[in-house]
Structure formats: C-alpha cells, structure tokens
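Notes to accompany the following structure.
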Amino acid sequence: MKYRREIDGLRAMAILPVILFHAGFVGFSGGFVGVDVFFVISGYLITSIILKEKSEGTFTLIGFYERRARRILPALFVVLLCCIPLAWLSMYPKQFIDFGDSLVASSLFGSNILYWVTSDYFSGPAELKPLLHTWSLSVEEQYYLLFPLFILAVWKLGKKWILFLLSILTLVSLAIAHWGATNQPTANFYLLPTRGWELLIGVFASFYHDKKENNHHIFNKLVGDILSLLGVILIAYSVLVFDNETPFPSLWALLPTIGTVLIILFAVEDTLIGRILSHKILVGVGLISYSLYLWHWPLFAFARLNSLDEPSTLVFLSLITVTFLLAYLSWRFIESFFRKPSFELARGKIFSLSLFFMVLYTGIGLTIHNEDGFVDEFVARTTSEKKEQARLLTQYWGTDLDEVMNDDGECKFWSGYLNQDFIRRFNACKEKPKHTILVIGDSHAMNLYNILYNIPSLATTSVVGLNRGGCRISSEKCDFTDVFQFIAKNKKYIDKVIYHQSGSHFLADKNGNVDSTLAFDKSLPFTIQQETIIGVINYLNKIGELTTVLWVGPFVELRENALKFLLPETIPEINPTSIKRFDHLETTLVDLTSESKLYEYISFNSLYDIPKNFVFYDGCLTYLDKDHFSKCGERFISVNLNIDLIKHSSLGR
C-alpha cells in the first residue's frame, strides 16, 4: 500500500486534542473526538490493505492477525508492565483491585466491556483509572477480529453487494448510537455496535479510493482544497465546541468522522491541507501517535492519584514532555522493531510471545483481585499512627457507587434506567405499601436513595430510585422524557417525587467550565450557572402538575483527596472553601425557587446537623470519594436525619 504522509499528519491532528483534553486545557473540551478520528483512519487503512491483498490473491487471515499483533501488542504490553509497580505504590486496595480487573481486560481486549459496566468515561473517578484509555484499543481489536471474517464471507457476492450490506450495518449502528446517546450513554460510548459505524465510514473511504485509483480519476485541485479544508473545519469545530454534555457518539459524531473522511479523500499532496499535514513535524507526531496515546493517560492518572489536588498546568506540561520522550523511545525501539518480519521474530514467535504476556497479565490481574488488592500490605506501608484509619479507608475509598446500592428484594429498589425489570418490580409493589417515594436525579440522588432506604420510619414505605450518574434533568446529554412519562402514567401510585443532584453541576470556574474542581479552588473566582438551575425548575414544575414534588438541595462535597487524611497531624474536616461556596449556592437556590407553587425546595443541610469532624464518623470515612457519601456517611445521616421535613413537606397542598 502506498505510504501517505498526510495520513500521519492526520494522526497528529487526532492525538494532540486528545492529550490536551485529558490534561484539562481550556479550549479543548471536545478533544475526545480524536479517538473518533482514529477509528475512521483505522477503518480506512485496514480495508485498503485487505482490498489490495484480495485483488492480488495474497490475503490470509493468519497474516492479517500477525500484522495486527505486531502493530499493537508489544508497545501495549510494555506500558502495562510499567503501570503495575506504579499502581502498587499509588493505589488504595479497592483501586488496586479495579486496576487488576482492567489489567485482565486490557490483555484480553475487553476493556470497553469492563468500563461499560464499571465506569463513566467523563466522571471524576475515571480520571484515576490508568488503563481507561485501552477501551478504544479493545473496540478496534474486536473490529479487527470480525471485519476480515465478514469480508471473506461475502467477497464472492461482489463489491456492490458488499457495499450494500456495509451500508445497512452502518445505518443500523448509527441509529443505535443516536438512540443510545440519551438512553444508554455509557454502553453507547464504549461498545463496538455503537462505534462500528465510525470504523465503517473509513471502510467506505477505502472502497472509494480503490475505485478511483482503478479508474485513474483525479479530482480538480480546487475541489480538493475546498473539501479537505472543510474536513479540518469540521474536526476543529468538534474539538472546540463539543464537551461532556454533548450526546456522544450520536449524529453529532458525524462532524468529526465526515471531516476525517474528507481529509482522507481530498487532502492529497498537491492540496494546501495535504501539504500542511505532510509537514515533517506533524508527520513525526503522527508516527509516534500510537505510543503517545498509550503513555499519556497512565502518566496523567498516576499524577492525579499522587496529588492532593488537581495537578497544575506546569505539571501537565511536564508530563506531556515526558509522554513525547517515552513515545519516541517506544516507537523507535519497540514498535519499529517488532513490525519488521525478521527471522528472529517470525510469525510463530510473535503469537507465542503475545499469548505468554496475555496469560501473564491475566494471572497478575486475577491475583490482585483474589488478594483483595493486598490490603494488609497497604496498611503495613502506612505510618503507624494512621494504620487504623488506613484500614478503614480501604473499605470505602474508590468503590463504585453502583456496587453499594441497597435493594431489599421487594419494594425498595434502584435502577439507573427505566428498564423492564424496574417496571415489573414497580408494578408488583403498586398496591402493597401505603406510600411510594420516587427519588430521581444524578449519582447524588443514589446517595439520597440509600439514606432513605435505611430510615426505620420508612420501613413500610416503598422507596424507589431512578438515578443516572452524571445525568441532571437539565442536561442535553440525558433525556428524562421517559421518566416524566412514567410519573404521568403512575401518578396515583406515587406519593412523592424527590429530586436531588450534585451542587457542583451548578458551579463553574471563571472560564465557564461546569463541574470543575477549580470551582472549589479558593484562589480562583467561580460563578453559579443560573440557566442550569432554571432548567431544573422548569422540569420540576412539569412534574409538580402531576404529583407532590420535593427538591432536596445539594450537600457539601468533600472535594479533597483522602490521601491527606493519612498524613500526620491532619485535621479531618471538610474544606472550608467548599462549605463557603455551597452556602453561596444554597442562597441562590433558595432565591430562585422561592416563587414556585408546584414543588417545594428544602435544604439538605437543614435535614441534619453536620459535625465539625464529619469526614470521620464512628471510626470510618464518611465520603466514598471526593463528592459522594460512603455507606458510613449514609448511615450517619439516616440516623440523624429529620425525616419529618421530608415526610410532611408539600403534603396536603
């Protein structure tokens, strides 16, 4: 296959926004679309190789898989090896267990499935997972496994039928992705069925190029200049404008993917964009782009794990410099070496080495999991006066909230989505309790559901949770229409709807970045997003026309790394800056909600008295992470909560 320098330049255009987005640089809120650019490039290049070899009669499955193994596995296995000791030194046992699981998944190319089940890509805890970025490698490997088999199965039908079948697959995949962006966002983000269309767009580009070369057809240079420039604009717009609130992947993802196709098809050497992308600096970055992708995320994750606060811009710039150095060394001495089909590294040795390391890392990961993250060794490394606190921290810190949700097996249950199991259980409980409380909101509402679950006076009340992590009812990313329709249909069975969400989603830094840790930095100004609050008010007014609604305000978030509480002479108190800014937010919320007659607002802090040393209560940590309560914190609040305020608010209106 003819080498195209501009494709490597396009790789550089994809990887740089990814790195800057992950480092938190302002102006790159949509940098995650760089992965989508890579998907299109992969679909194009892989198909081009297959078409060339099929036309020459030299294509074999074993040869295809050998090339993929040489290209992907050696550098990946080196990065995994380097991550193991860093994870041992940096992580709490629960985090180390999760790392062990991800080590197994990364080795077996199932990372995307693991993170679908355990982690939202855009959530804060995800930034502490050193192997999170391997989800995209798993998507590509799953594609590489299936696509050649598909081509072999349908090749005799001819290219017209192949393109017809691929068109059907692409449209179905895109339709599912657009639906899933609001209904199953986590699965939608990670899984091949909703990402496959992006790779297939690259496939169509390859078929088009193959036809163009066979017909010796060359586009007018002016057309090439215009369309390739349009491709750059579409990608740049996505990088600059998209953010974690953009439903993704969905029809919005057509912008960066179509932009990539336009560059692949029309940014030939004699066009302006082709010449720019062929510049030696961009080509050099593109050549090491795979290693850049492999190294940057673990470095960022371990920096965050070892820092009490979000690392500074200077730290991230230093890490990016180290990333480039490691990536060059990785490309020069690992990638380039293993891609040469030399005698010393013949096909059999490549497969044998690959299998060996897959088994090795799987064994290490399973050992970490089975040994509970080596909790005893972790406690033994802690300073003597903090050993008991260290052991208590291991019980809670780093646990995914989904793992600690309460369920009595009957009429107290929770679900992230309005699925058939939820509806079945709700219908079975309609007539049993005298009262039903429906808790809706984001992951903080999951905490509130657990708190209400544990209150003895609600023992005969059905407490039901419909809560989606990271989803607020005013968010474009999350569609709560189905929840509203469910309430409308079952309003006579629902005594009260309680809404609750994170307060940090109403706060922004001076640049308007919502849900930013910087909003809690006392050295920086912050703003309150009133338009977001108005969105919640409008939605709750709609529900208030159907049934009784109570908006329980946000609780004060810790916004601290629990590592600091293992340091000698640390006072276990909530950051005063967090308290001050949440008090300011509370005042604004009270002012904006005071006119409503369709729902009632009540301060979460008014429900119980917060002790000064609330971070540690009854010998355990009350926070699960930086902004969620642990089981211990939930128990404390359940015992001390003024339940009368919740039971009687808004009733008898």
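The values are calculated or read from the model by the stated rules, or taken from the named source; none is laboratory data. Small disclaimer: the values here were computed from a predicted structure and weren't measured. Note: ideal-geometry Cβ built from the backbone for every residue, glycine included; neighbour counts use all protein chains shown.
Here are I235, I226: which of them is assigned by TED's automatic domain parsing to the domain that holds L103 and free of Cβ contacts under 8 Å to residues at least 60 places away in the same chain? Spell out the reasoning first.
Working: I235 fails: free of Cβ contacts under 8 Å to residues at least 60 places away in the same chain.
None of the others qualify; the one that does is I226.
How about segment 287-307: which of its residues are small (G, A, S) and either under 13 Å from L76 (Cα atoms) or buried (at least 24 other Cβ atoms within 10 Å of the Cβ) (or both)?
Quick first cut of segment 287-307, residues small (G, A, S) only: 289, 291, 301, 303, 307.
Matches in segment 287-307: S289, S291, A301.
Restricting to segment 1-33, name every residue that is among the hydrophobic types (A, V, I, L, M, F, W, C), more than 23 Å from L262 (Cβ to Cβ) and modelled with pLDDT under 95.
Of everything in segment 1-33, those that are among the hydrophobic types (A, V, I, L, M, F, W, C), more than 23 Å from L262 (Cβ to Cβ) and modelled with pLDDT under 95 turn out to be A23, F25, V26.
Kindly list the number of the only condition in (1) touching a Gly at 6+ places or on another chain (Cβ under 8 Å); (2) closer than 30 Å to D482 by Cβ that fails for Q95.
(2)
Between A105, A87, A126, which is buried (at least 21 other Cβ atoms within 10 Å of the Cβ) and over 25 Å from L146 (Cα atoms)? Give the steps one after another, and end with the answer.
On the way: A105 fails: over 25 Å from L146 (Cα atoms); A126 fails: buried (at least 21 other Cβ atoms within 10 Å of the Cβ).
Residue meeting the stated conditions: A87.
Quick check on segment 161-172. Is at least one of its residues farther than 30 Å from T58 by Cα and modelled with pLDDT of 95 or more?
So the first thing to find is which residues in segment 161-172 are farther than 30 Å from T58 by Cα, and the list is 171-172.
Imposing the further condition that a residue be modelled with pLDDT of 95 or more reduces the set to 171-172.
Checked against the condition, which is being farther than 30 Å from T58 by Cα and modelled with pLDDT of 95 or more, segment 161-172 yields at least one hit.
So which residues in segment 608-635 are surrounded by 21 or more Cβ atoms within 10 Å (Cβ to Cβ) and either of a type in the set (D, E) or closer than 16 Å to L448 by Cα (or both), if there are any at all?
Across segment 608-635, the qualifying residues are T622, Y623, L624, D625, D627, H628, F629, S630, G633, E634.
Residues being assigned to a loop (DSSP other than H, G, I, E, B) and either under 15 Å from R472 (Cβ atoms) or β-branched (V, I, T) (or both): count how many of those fall in segment 525-554. Break it down into steps so the answer makes sense when it comes.
Here is the first cut: in segment 525-554, the ones assigned to a loop (DSSP other than H, G, I, E, B) are 525, 529, 545-548, 553-554.
Checking the rest, the ones that are also either under 15 Å from R472 (Cβ atoms) or β-branched (V, I, T) (or both) come to 529, 547-548, 553-554.
Count: 5.
Please go through (1) crowded, with 16+ Cβ neighbours inside 10 Å; (2) within 30 Å of the chain's Cα centre (by Cα); (3) under 30 Å from F486 (Cβ atoms); (4) at pLDDT 90 or above for M405 and return the number of the only condition it doesn't satisfy.
Unmet condition: (4).
Can you find a residue that is within 24 Å of L262 (Cβ to Cβ), in a helix (DSSP H, G or I), modelled with pLDDT under 95 and not charged (D, E, K, R) anywhere in segment 191-200?
Pass one, segment 191-200, residues within 24 Å of L262 (Cβ to Cβ): 194-200.
Subset that is in a helix (DSSP H, G or I): 194-200.
Imposing the further condition that a residue be modelled with pLDDT under 95 reduces the set to none.
No, because not a single residue in segment 191-200 is within 24 Å of L262 (Cβ to Cβ), in a helix (DSSP H, G or I), modelled with pLDDT under 95 and not charged (D, E, K, R).
Count, please, the residues in segment 25-56 that happen to be over 22 Å from the mean Cα position of the chain (by Cα) and not in a helix (DSSP H, G or I).
So the count comes out to 0.
Are any residues in segment 137-155 under 30 Å from L80 (Cα atoms) and not small (G, A, S), and if so, which ones? Walk me through how you get there before you give the answer.
So the first thing to find is which residues in segment 137-155 are under 30 Å from L80 (Cα atoms), and the list is 137-149.
Passing the criteria: L137, V139, E140, E141, Q142, Y143, Y144, L145, L146, F147, P148, L149.
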